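The values are calculated or read from the model by the stated rules, or taken from the named source; none is laboratory data. For clarity, every value in this text was computed on a predicted model and none was experimentally measured. Every residue, glycine among them, receives a Cβ derived from its backbone with ideal geometry; neighbour counts consider all protein chains shown.
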Amino acid sequence: MRIKGAAAAAALALTLAACSSGAGETAGADEVVIEWWHIQTQEPTRSVWADAAAAFEEANPGVRVEITVANDPDFKTALDARLQANDPPDLFQSWGGGVLQAQVDAGMVKDLSSDVSGWIDNLAPAAVDAMKIDDKQYAVPFDAGLVGFWYNTELFAEVGVTEAPETWDDYVDVVAKLKAAGITPAAVGAGDKWPAMFWWAELALAAGGTDPLDEAGATGAFDAEPFVEAGERIVELVDMGAFQEGFLGMNYADAAGAASMVANGQAAMELQGSWGPGTQASVATNGEGLGDKLSWFPFPTLGGDGGAKDVAFGGVNAFAVGKDAPAETVDLLEHLTSVEVQSKMGAGGQLLPVADGAEDSVENPHQRAILDTFRTLSGVQIYLDQAYAPAVATAINDNVQAIFAKTSTPQQAAEAIAEVARR
Amino acid sequence: MTATTTTTAGERPAAVDAPPAPRRRRPLRTVLLFLAPGLALYALFVIAPLAQAIVYSLFRWNGMEPLTDLVGADNYRRLLGDASFHRALLNNVSVIGVSLAVQLPMALWIATLLNGQFRGRGVFRVVFFVPYVIAEVVAAILWKLILAPAGQLNGALDAVGLESWTRSWLAEPSLVMGAVLVVVTWKFFGFYTLLFLTALQSVPGEHLEAGRMDGASRAQIFRYITFPAIGPTARIAGFLSIVGSLQLFDLVWVMTAGGPVGASSTMVTYMVASGMRSYEFGYASAVAVVVAGLSFVVAMLYQRFVLARDNADSSEGNR
């Protein structure tokens, strides 16, 4: 008996390990299950998605939507495991760019071009365009945003600045005035790296437009002039003391992080995405943030020719469809990007709807302004750490942090990124 | 109790009289059966992943595509010339150095103090052990707040008039590793204190008494009686702290994520960054294999040269 017991234990251990990957796939014979992975862990958007799925199930008897919600890093880890097992979820979060490209190359996602052609034109063109690879639609956007300066109008007024700066010279002037008045001009969560990357990307875009960024994506030419110039402008700001003390070790959304400094009036501005006010409110000591004192202006121009202004720096959230997804998944996608669901999402105050007709749901005037700007754009330069292959993205984030730390010169950093991109 | 007849070293009186017959009568089949569950788990969770990592490390692979881009030893060559990895390795070595040169002696010293008779001894024993009990992630967040620019450490320095000493401890590349070393020492010395305390309590009182009768000084008693008696424990402590240092991850990952600019990275944080952030799973696997290989070599050398006398018959090991 004992011998049998030992053998059984060993067998059990093996079975446990083996069956953990196959769980959760059992369904009734004629029931269609759509496995949907999203990253909206916070309310109210989390419930908006859950309600949308429930409504879809009701309208489509025999279809069950199985939702898995995970935060961003957990989602990525879990998705990697499923992709490695050749078993992608049916519907899942995508940011387009290099990762989507890799998923396309690996044959993990569906080409949706013909399935969505009837209704996708109702979504903002810049967002739709960002989810195309080789002119094929591989994901459908549900949210879009732009990066710009969130600033404290009261602190700006204290140093006599009532109009947002439009050129780089004006901007540097504002920074100098704030600094002279003993106010921390800008907070950046450079410990997280990507908030620092925003500065480099905006400056490179302002210096050379989108061409060098596209070119670098294709050939690895991250050592081109606009990238070096972007680094030099950052060094200029660091030398002025434009950033808060200890910015290299500070995270963006921590309890005492960069966002909280703006939210609590300890820094005058931050360069962040459309989610800025929401994050500030979540880490503000008063629980709300700056309220009416908070305002927004787009990244200033560098004078000269500058970049094309119908292209801006921002990001798009979308859903991609796994290779083996049931046909009903596309119907669910259509439902999620309908004016009705998009309006509920917009009213939640966290995400900006991309469907035509849902824009009135956005109540915050600044977020509304961002959305209106976005809807006029022909293209969007998505966040560099999502636009390029992950290895290049990491090299950009690491080396831009080194520029902020002044452990690399702008030239060295640009060359180091180019070296990785050409590998 | 024939099952335990495989005598451990030092049980000589029992071993001398024990008839050899029962030991031989353990059929190989039964032994294998009892070993099977353990072996299966070990194979599944240690050997198989390691073998997998070795295979992956020979490819250039983003974790999604099929394994097709065989690059041979390229990942290892890249590792040899990778300044970021060298930095991480150096940081691991400095953790080992501080563990052996500061943490263990400190733990031994505190254990010696706690071994004496004084009021409130139990309280002190608990206090020193608390850091070890706290979860690593919690400890890391705690220290992150303390060491922040507006954190408690700078606040304390301000309060005592040392404003000029305040720093952004985790934000300056030249300071961050020092800060990490302090936190690592704080986090783990309690464990070694406990280990030494247990060893000290097993030092026979009559030996100490005999030493005192012969007129040995306290230093001499420690040098010639106590220390040799706790030698095996000290050597095991050294082993644990070397292996622990090579694998250091959680504390650093949460506190600094290896930054800024890689100044506080360890081999394992570098591996995770290469894999999960850069999607260079082939390269990250090469890092993993090197970490495993290094740990293995260090463990073997330590076994061979330091633990050898503990593994051999220890009846006269207290030299």
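Overview of results
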item	result
Matching residues, the stretch B:160-209, being surrounded by 22 or more Cβ atoms within 10 Å (Cβ to Cβ), without any contact (Cβ under 8 Å) to a residue 24 or more places away in the chain and either among the aromatic types (Phe, Trp, Tyr) or in a helix (DSSP H, G or I) (or both)	B:Trp169
Residue count, the stretch A:232-282 (criterion: in a helix (DSSP H, G or I), of a type in the set (A, V, I, L, M) and at pLDDT 90 or above)	11
Among (1) more than 14 Å from chain B (Cβ to nearest Cβ); (2) surrounded by fewer than 16 Cβ atoms within 10 Å (Cβ to Cβ); (3) more than 24 Å from the chain's Cα centre (by Cα) - the single one A:Asn86 does not satisfy	(1)
Count - residues of the stretch A:283-304 that are part of a loop (DSSP other than H, G, I, E, B) and not aromatic (Phe, Trp, Tyr)	12
Residue that is nearest to B:Val180 (Cα to Cα), among those in the stretch B:215-254 that are at pLDDT 90 or above and among the charged types (D, E, K, R)	B:Asp250
Leading residue by the ranking (nearest to A:Gln137 (Cα to Cα)) among those in the stretch A:43-66 that are surrounded by fewer than 18 Cβ atoms within 10 Å (Cβ to Cβ) and under 21 Å from the mean Cα position of the chain (by Cα)	A:Arg46
Residues satisfying the stated conditions in the stretch A:229-247, i.e. among the acidic types (Asp, Glu), more than 21 Å from A:Leu205 (Cα to Cα) and away from chain B (no Cβ under 13 Å)	A:Asp239
Check on B:Val123, at pLDDT 95 or above and not charged (D, E, K, R)	no
Residues within the stretch A:96-112 that are part of a helix (DSSP H, G or I) and either farther than 17 Å from A:Gln386 by Cβ or over 20 Å from the mean Cα position of the chain (by Cα) (or both), tallied	1
Test set (1) at pLDDT 90 or above; (2) in contact with a Ser or Thr (Cβ under 8 Å, 6 or more places away or on another chain) - B:Thr266 fails condition number	(2)
Meets criteria (touching a Gly at 6+ places or on another chain (Cβ under 8 Å) and either within 20 Å of B:Ile96 (Cβ to Cβ) or within 14 Å of chain A (Cβ to nearest Cβ) (or both)) for B:Thr233	no
Subset tally (residues that are over 18 Å from B:Leu197 (Cβ atoms) and either buried (at least 18 other Cβ atoms within 10 Å of the Cβ) or in contact (Cβ under 8 Å) with a residue 40 or more places away in the chain (or both)) for the stretch B:218-248	8
Filtered residues of the stretch B:55-74 (kept if within 11 Å of another protein chain (Cβ to nearest Cβ) and either of a type in the set (Asp, Glu) or on the phi > 0 side of the Ramachandran plot (or both))	B:Gly63, B:Glu65, B:Asp74
Selected residue [farther than 29 Å from B:Tyr270 by Cβ and under 27 Å from the mean Cα position of the chain (by Cα)] from B:Ile110, B:Ile134, B:Ile96	B:Ile110
Breaking point among (1) in the same structural domain as A:Asn122 (by TED's automatic domain parsing); (2) modelled with pLDDT of 90 or more; (3) under 22 Å from A:Leu203 (Cα atoms), for A:Ala414	(1)
Residue among B:Gly97, B:Gly81 that is more than 11 Å from every other protein chain (Cβ to nearest Cβ), closer than 29 Å to B:Ser241 by Cβ and of a type in the set (Gly, Ala, Ser)	B:Gly97
All positions within the stretch A:162-181 that are modelled with pLDDT under 95, more than 28 Å from the chain's Cα centre (by Cα) and within 20 Å of A:Lys293 (Cβ to Cβ)	A:Thr162, A:Glu163
Count - residues of the stretch A:70-95 that are assigned to a helix (DSSP H, G or I) and either among the aliphatic types (A, V, I, L, M) or in contact (Cβ under 8 Å) with a residue 12 or more places away in the chain (or both)	6
Residue count, the stretch B:79-93 (criterion: within 19 Å of the chain's Cα centre (by Cα) and surrounded by 16 or more Cβ atoms within 10 Å (Cβ to Cβ))	4
Where A:Lys132 falls short, out of the listed (1) in contact (Cβ under 8 Å) with a residue 24 or more places away in the chain; (2) out of contact with any helix residue (DSSP H, G or I) (no Cβ under 9 Å at 6 or more places or on another chain); (3) not aromatic (Phe, Trp, Tyr)	(1)
Options A:Glu288, A:Glu328, A:Glu334: the member that is over 30 Å from A:Asp30 (Cβ atoms) and not hydrophobic (A, V, I, L, M, F, W, C)	A:Glu288
Hey, A:Val48 touching a residue at least 60 places away in the same chain (Cβ under 8 Å), away from chain B (no Cβ under 14 Å) and in contact with a strand residue (DSSP E or B) (Cβ under 7 Å, 6 or more places away or on another chain) or not	no
When residues of the stretch B:269-286 are limited to those that are over 25 Å from the mean Cα position of the chain (by Cα) and either facing another protein chain (nearest Cβ under 8 Å) or assigned to a loop (DSSP other than H, G, I, E, B) (or both), the one modelled with the highest pLDDT	B:Glu280
Members of the stretch A:365-409 found to be surrounded by fewer than 21 Cβ atoms within 10 Å (Cβ to Cβ), away from every other protein chain (no Cβ under 14 Å), of a type outside the set (Lys, Arg) and part of a helix (DSSP H, G or I), listed by number	A:Pro365, A:His366, A:Ala369, A:Asp372, A:Thr373, A:Thr376
All positions within the stretch A:258-277 that are within 19 Å of the chain's Cα centre (by Cα) and either within 13 Å of chain B (Cβ to nearest Cβ) or of a type outside the set (S, T, N, Q) (or both)	A:Ala258, A:Ala259, A:Glu270, A:Leu271, A:Gly273, A:Trp275, A:Gly276, A:Pro277
Test set (1) surrounded by 12 or more Cβ atoms within 10 Å (Cβ to Cβ); (2) more than 14 Å from every other protein chain (Cβ to nearest Cβ); (3) free of Cβ contacts under 8 Å to residues at least 60 places away in the same chain - B:Leu142 fails condition number	(2)
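Here's the yes/no breakdown for (1) buried (at least 20 other Cβ atoms within 10 Å of the Cβ); (2) of a type outside the set (Phe, Trp, Tyr); (3) closer than 29 Å to A:Asp292 by Cβ:
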position: A:Glu328; (1), (2), (3): no, yes, no
position: A:Glu334; (1), (2), (3): no, yes, no
position: A:Leu351; (1), (2), (3): yes, yes, yes
position: A:Gly357; (1), (2), (3): no, yes, yes
